[in-house]
Amino acid sequence: DSGVTQTPKHLITATGQRVTLRCSPRSGDLSVYWYQQSLDQGLQFLIQYYNGEERAKGNILERFSAQQFPDLHSELNLSSLELGDSALYFCASSSSRGYNEQFFGPGTRLTVL
Amino acid sequence: AQKVTQAQTEISVVEKEDVTLDCVYETRDTTYYLFWYKQPPSGELVFLIRRNSFDEQNEISGRYSWNFQKSTSSFNFTITASQVVDSAVYFCALSVVTGANSKLTFGKGITLSVRP
C-alpha cells in the first residue's frame, strides 16, 4: 500500500459526460501528479500541483482540469468525454523535494461508452 | 526534452532463470533521476528504485540488481532466479527537476512473463 488513495476505482460513463476523479496524497506529501495510462500513448504526465498551486502541465487536454485543495487532496475533472479518454488515471504524490520518488495510487479505470 | 527507451517489449522466461530488462535514456541535463516501477496484473504502480545522475554505484536488493552506466546512458535491471510473482510490466522512468517540477517520463514498459 503506497499510502495514496484514489476514488473511484472504476468509472463507466457515456460520451459527452463529465466526471471527477479524486486523489488523497500520502501524509505529508505536498506534490500531487496526475498521469494517464492508455494502450496507445503509454504512461503520460498530465499535470502537477504543489501545495495548492499548479506547477507543471504535460499533455493535458483543454477539456481536462485539476485542482489541489487546502487539505492537499486533488481532483481531476474530465469533461465532454470521448471514447479515446478511456484509460487508467493515476495519481502520485511526493514530498516537497522534487527529486524524491513518486508513490502511485491504485488508479481509476475510466471507461467511456 | 527527455526520452526513455525500453526496446524490449515482451520477455518470457522459465522460473529460476536470470533476466535483464534494458533501459536507455536521453536528456541534456546533467542532474537527473532514474527510476524503475513495477506494474503487476492488479494494475498498481510499485516503486522499486531511484538513482541520481551523480551516483553510478550499482545496487543490489535481494534478487534485484541495477546497473547504471552514464557512458552508455543506460539503467538496466536484472532479476536473478526469477519467480512467477515477478510477472509484471516493468517501467523505467526519468525525471529532471526544474524548480518543483519533477514529472516522470516513462518508457513504454516491458512485459515480463515468468513461467513455472
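A:Arg55 meets each of the listed conditions (1) within 13 Å of chain B (Cβ to nearest Cβ); (2) free of Cβ contacts under 8 Å to residues at least 12 places away in the same chain; (3) over 17 Å from A:Thr108 (Cα atoms) apart from (2).
The rows are residues; the columns are (1) touching a strand residue (DSSP E or B) at 6+ places or on another chain (Cβ under 9 Å); (2) under 21 Å from B:Glu44 (Cα atoms).
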position: A:Phe64; (1), (2): yes, no
position: A:Phe69; (1), (2): yes, no
position: A:Ser80; (1), (2): no, no
position: A:Leu83; (1), (2): yes, no
position: A:Ser93; (1), (2): yes, yes
position: A:Asn100; (1), (2): yes, yes
position: A:Gly105; (1), (2): yes, yes
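When segment A:1-41 is filtered for residues that are among the small types (Gly, Ala, Ser) and over 11 Å from A:Leu88 (Cβ atoms), the ones remaining, listed by number, are A:Ser2, A:Gly3, A:Ala14, A:Gly16, A:Ser24, A:Ser27, A:Gly28, A:Ser31. Checked against the criterion of being in contact with a His (Cβ under 8 Å, 6 or more places away or on another chain) and more than 10 Å from chain B (Cβ to nearest Cβ), segment A:8-22 contains one or more residues that satisfy it.
B:Thr111 falls short on exactly one of the conditions (1) assigned to a loop (DSSP other than H, G, I, E, B); (2) of a type outside the set (A, V, I, L, M, F, W, C); (3) surrounded by fewer than 16 Cβ atoms within 10 Å (Cβ to Cβ), and that condition is (1). Among the residues making up segment B:64-85, those that are over 11 Å from the mean Cα position of the chain (by Cα), more than 17 Å from B:Tyr37 (Cβ to Cβ) and not hydroxyl-bearing (Ser, Thr, Tyr) are B:Gln69, B:Lys70, B:Ala81, B:Gln83, B:Val84.
Here is the figure for segment A:63-113: residues that are within 11 Å of chain B (Cβ to nearest Cβ), among the basic types (Lys, Arg) and in contact (Cβ under 8 Å) with a residue 12 or more places away in the chain total 1.
Just so you know, all these numbers are worked out from the coordinates, no wet-lab data involved. Fair warning: this is a prediction, and the values are worked out from it, not measured in the lab. Glycine gets a Cβ as well: all are built from the backbone with ideal geometry, and neighbour counts include every protein chain shown.
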